[in-house]
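The values are calculated or read from the model by the stated rules, or taken from the named source; none is laboratory data. This one's a predicted model, so the numbers in the text were calculated from it and none came from an experiment. We place every Cβ from the backbone using ideal geometry, glycine too, and count neighbours over all the protein chains shown.
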Amino acid sequence: MYNITLIPGDGIGPEVTMAARKIIDATGIDVKWEIVNAGANVYEKKGVLVPDEVYTSIEKNKVVLKGPITTPIGCGFRSINVLLRKKYDLFANIRPVKKIKGIDTPFENINLTIFRENTEGLYSGIEKKETEGAAQAIKVITKKASLRIIKEAFDYAKENSKKKVAVVHKANIMKLTDGLFLECAREVSKEYPDIELQEVIVDNMCMQLVMNPEKYEVIVTTNLYGDILSDLCAGLVGGLGLVPGANIGKGIAVFEAVHGSAPDIAGKNIANPTAVILSGAMMLNYLGEKEKSDLIIDAVQRTIEEGKYITKDLGGISTTSEMTKAIIEKISKK
Ligand code: ATP
Ligand code: MG
């Protein structure tokens, strides 16, 4: 039996995490879900953003499935997501982006994984207003954090028989910060002689990804570039509703979709649950349940390919619950 913390989150979070939970349960795996909530919802009701029970649950269960959390302006916090990543040192944000059959995309063979450094860079939180007319943010790059995310990317490449890792940077301009990140990539790559290191400047990478995304297998980059490239890559395969993610540290892992709380479509039962469902599949894989993970991925793919029960963002007319039901039926028939 697995004990897993479930954080429904804000906006479409409760709808899509509920879908993922049902689907994971449908695989027959024995999960005891501990549901605790954080974010704007909780703040409105209790006046706290992250109740203590959330931390207790995460520290006890160590594995979390999480919906998007909104941080209200003026509550004294910058971002709950960033706070959790820092508190638990979830240094690796991993986002696999893969072409799904049945979705019309400009490219056929997109299959890449983004490794985004998750704890520093321009998200260091050091930002200040100098005068009325000037503000500054500090970008922090350390050798320690750079080496560990880059190693994670290379290990993944090795384990999955990938031949190339692209390091994305802007070291030509930010010579010290991005320069250090690039140095670290060169250093790590020496330990992996069978894997080619591609060095790509971030602006060029944006163009390359929309023209030749098939050239890339693994991308490793700093925090902000990783954020931006993830959304770009999500767009290449059919949108934010499809791309899952994992935040991994030493011993604690939080699985969540790339998308946000999507307030524009919240509460309408029309959000695409795929991204959180696939995040759930990544979670099962992390737990060593590869067979069940593949079962979910296969059911999601077949549902989308069939095209009968898909949400509006994918060109369909089904609700979140109808799509979820269709996926569950495919799992049950296996
Ligand atoms: P955040 O600041 O929380 O990252 P955001 O402003 O980046 O949020 P998202 O919530 O990620 O915005 O949504 C961006 C757009 O994508 C919205 O129009 C939203 O409706 C759409 N979108 C996001 N997730 C989904 C989904 N699961 N299904 C359908 N549409 C989605
Ligand atoms: Mg966003």
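Some points to look at:
Residues are listed down the side, and each one gets a yes or a no for (1) farther than 13 Å from residue 238 by Cβ; (2) touching a helix residue (DSSP H, G or I) at 6+ places or on another chain (Cβ under 6 Å):
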| residue | (1), (2) |
| --- | --- |
| 259 | no, yes |
| 265 | yes, no |
| 272 | no, yes |
| 286 | yes, no |
| 289 | yes, no |
| 312 | no, no |
| 324 | yes, yes |
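- Among (1) in contact with a Ser or Thr (Cβ under 9 Å, 6 or more places away or on another chain); (2) hydrophobic (A, V, I, L, M, F, W, C); (3) more than 29 Å from residue 209 (Cβ to Cβ); (4) within 15 Å of ligand 1 (Cβ to nearest atom) - the single one residue 38 does not satisfy: (1)
- Selected residue [out of contact with any Ser or Thr (no Cβ under 9 Å at 6 or more places or on another chain) and either aliphatic (A, V, I, L, M) or surrounded by fewer than 18 Cβ atoms within 10 Å (Cβ to Cβ) (or both)] from 209, 242: 209
- Test: residue 129 is in the same structural domain as residue 231 (by TED's automatic domain parsing) and surrounded by fewer than 16 Cβ atoms within 10 Å (Cβ to Cβ): yes
- Some residue of segment 64-75 being aliphatic (A, V, I, L, M) and in contact with a Lys or Arg (Cβ under 8 Å, 6 or more places away or on another chain): yes
- Test set (1) under 24 Å from residue 120 (Cα atoms); (2) over 22 Å from the mean Cα position of the chain (by Cα); (3) crowded, with 20+ Cβ neighbours inside 10 Å - residue 74 fails condition number: (3)
- Counted residues, segment 216-261 - those being more than 16 Å from ligand 2 (Cβ to nearest atom) and free of Cβ contacts under 8 Å to residues at least 40 places away in the same chain: 0
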